[in-house]
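A short write-up of the structure that comes next.
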Amino acid sequence: MNDNRLGTSVSPYLRMHADNPVDWREWGPDAFAEARRRDVPVLVSVGYATCHWCHVMARESFADPEVGALLRRDFVAVKVDRQENPDVDASLMAAASAFTQQLGWPLTTFLTPDGHVFFAGTYYPPTPVGQVPAFRQILAAVLDAWTERRHEVDANATAIATAIRQGAESDAAALVGDEPAGGDPRLPSVDRVRAVTGQLLRSEDTTYGGFGGAPKFPGAPLLEFLGDAAADGDAEAAALLDRSLAAIRGSELTDADGGVFRYATRRDWSVPHYERMLYDNAGLLAVAGAEQARGIADFLRDTLRREDGAFVAAQDSESTIDGRRVEGEWYRRPLAERALLDPPPLDDQVLTGWNGLAIRGLAIAGARHGDDEMVDLARGAADAVLRAHVRDGHVVVRSGTSRGASSAPPTVEDVGLLAEGLLELALVTGDAGLAVAARSLVDDGVAARFDVDPVLAAAGTATGEQPQTAVRSGTVALAAAAATLAALTGDDGYRVAATRLVADRAVTGTERPLGHADALGVALALQRPSREVVVVASDPNDPLRDAVRGARRPGTVVARVTPEQARDWSAAGFALFDERASLDPAAFVCHDRVCALPARSVTELAAQTV
């Protein structure tokens, strides 16, 4: 009997389970209504298409007809792609932390028909391994508790849901609070933010580089904070960033084609977990040196880029070689030999937020290193995402593939990361249209116009965006974009919004930087005096344009435009560009939009941007 419902899913991860002998359903109210009708628990299994241990558990347990029969008889079984539904994943992860600190994917959770988690874990083998029970044992224990100790199940579920609800209400209150006159005192001081470098130095692995022991992650948000601190004059942060990037660049974590793997399983950065995520590589672009950035850009162009210019989510760790599905073998072979084999498959979802992160990284790296192809790649992705995922100034699609658009609603990650990416690209290319699109997204995001998943809303367990060590926060990106718009438009309401969005996260980041480092860079920018640099030059090779590459630092916005583009920006309501088109070439250096005399040479510009 195969009553599996995943065959028509947009998500590649869900479709991977379409042939399981399990009565899989997609996440949604219908699954929980069925559980209420039958009075059975709901198994929710969360993973993603390039997750190795998700593949293993699928082969060992979900492909087993006997396991399928057990699930069909005693449970309602639901599959969730954490990349398609990050809000669901965040809520279930928050609940799972009550049972284990070894969080990851596959995430195995058991919920009441009301949507409340009462037990959770991660990967379970088909037979017991050490202290880890078999998956069938877990199913039997859960069913026994459900039938024999229902009051305990309900009490646990209610307590966990209450804790999640209280945490979410606290976060929401911080986001909607009024801004005190004179700035939000919750924003950490420059000295307090810069003191974080000392914390990171104490946690540095001085033998192998990076932070902590095994496993070792690239941690792009943390490295970007070090880049911000370095640009702000922190020499220790600059040295720590250089050492960390060198460790990644010279280790097995970086593949021969330039792409970076998700993490290394050993402290010395060896034995990678071979999947390659768009977000890791895109995030590193913002801080990588020229050679490292060029390798990453090549990987994005050659492996993750679709014909329309958008980037897909990831490349798998497993491939089929000599008829066997094996992890990592394709990557361990020389490049010439790889070309003769089928490569690991792709998670072909185009995720709006992750593409925004790639647009941003390519724009920053292209401007910093004078690499026009990176900027062109960023533009191609921006055009593709705006065309397919944005309507009338609003993000309407979070995830799409060649099979169509997912019904999963956009999140703050999609709005914030795309807005920030579009603004970075607009400043590099001078295209005011990109900035107009970004402004609409920021206006949406600041107004918090996001649909809450109906199951989570009914259960009261929507957590909002949770901190991550690997991906730049959408909330932080939204704050950074708002701060940039404040400089471009002269509307201080954007700066107020930016401070409100990032203040609490930044304070937490000074205490626990590993999960909140991205907020620290934005806080540093908000605490520094605003500085705006506009270069107007019709000649793309004018030396003034190249002279501002190094001007990027916290609190500074740099734009390069032609006279015609300056007029377009001004007409679109970006007051910084008013009356900037009359001199060509010229550079305008402003502090809180009060500008010095135009600099007409590199020497004059250098004197004003010290």
**Message:** I need every pair where a residue in segment 225-247 that is more than 15 Å from Leu284 (Cα to Cα) and touching a residue at least 24 places away in the same chain (Cβ under 8 Å) has its Cβ under 6 Å from the Cβ of a residue that is crowded, with 19+ Cβ neighbours inside 10 Å and of a type in the set (Asp, Glu), sequence separation at least 6 or different chains.
**Reply:** none
**Complete:** Within segment 393-411, the residues that are under 30 Å from Leu576 (Cα atoms) and surrounded by fewer than 23 Cβ atoms within 10 Å (Cβ to Cβ) are Gly393, His394
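For every residue, the table says whether it meets (1) assigned to a helix (DSSP H, G or I); (2) in contact (Cβ under 8 Å) with a residue 60 or more places away in the chain.
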| residue | (1), (2) |
| --- | --- |
| Met57 | yes, yes |
| Glu60 | yes, yes |
| Val67 | yes, yes |
| Ala77 | no, no |
| Glu84 | no, yes |
| Gly104 | no, no |
| Tyr124 | no, yes |
| Thr127 | no, no |
| Ala141 | yes, no |
**Prompt:** Is segment 447-454 home to any residue that is touching a residue at least 12 places away in the same chain (Cβ under 8 Å) and over 26 Å from Arg387 (Cα atoms)?
**Reply:** yes
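Can you list the helices (runs of 4 or more DSSP H) found entirely within segment 245-347 that contain at least 1 residues being outside the structural domain of Gly361 (by TED's automatic domain parsing) and in contact with a strand residue (DSSP E or B) (Cβ under 9 Å, 6 or more places away or on another chain)?
Details: elements: 278-285, 290-299, 329-332, 335-338.
Hits in segment 245-347: 329-332.
Can you pull out the residues in segment 374-392 that are surrounded by 14 or more Cβ atoms within 10 Å (Cβ to Cβ) and not in a helix (DSSP H, G or I)? Full working, then the answer.
Looking only at segment 374-392, we keep the residues that are surrounded by 14 or more Cβ atoms within 10 Å (Cβ to Cβ), and these are 374-386, 388-390.
Result: Val390, single match.
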**Message:** I'd like to check which helices (runs of 4 or more DSSP H) are fully inside segment 481-554 and have at least 2 residues that are buried (at least 24 other Cβ atoms within 10 Å of the Cβ) and in contact (Cβ under 8 Å) with a residue 24 or more places away in the chain.
**Reply:** 492-511, 513-527
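Mind listing whichever residues of segment 393-433 are closer than 17 Å to Ala477 by Cα and assigned to a loop (DSSP other than H, G, I, E, B)?
Step one: list which residues in segment 393-433 are closer than 17 Å to Ala477 by Cα, which gives 394-395, 398, 410-427.
Hits for segment 393-433 are Arg398, Pro410, Thr411.
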**Request:** Would you mind stating whether Gly115 is within 30 Å of Phe217 (Cα to Cα) and not basic (Lys, Arg)?
**Result:** no
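Please work out if Pro409 is farther than 22 Å from Asp504 by Cα, under 17 Å from the mean Cα position of the chain (by Cα) and not assigned by TED's automatic domain parsing to the domain that holds Pro540.
yes
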**Message:** of a type in the set (Gly, Ala, Ser), surrounded by 21 or more Cβ atoms within 10 Å (Cβ to Cβ) and in contact with a Gly (Cβ under 8 Å, 6 or more places away or on another chain): is that true of Ser473 in this structure?
**Reply:** yes
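The values are calculated or read from the model by the stated rules, or taken from the named source; none is laboratory data. Everything numeric in this text was worked out from a predicted model, so none of it was measured. Here Cβ is always computed from backbone atoms with ideal geometry, including for glycine, and neighbour counts include all displayed protein chains.
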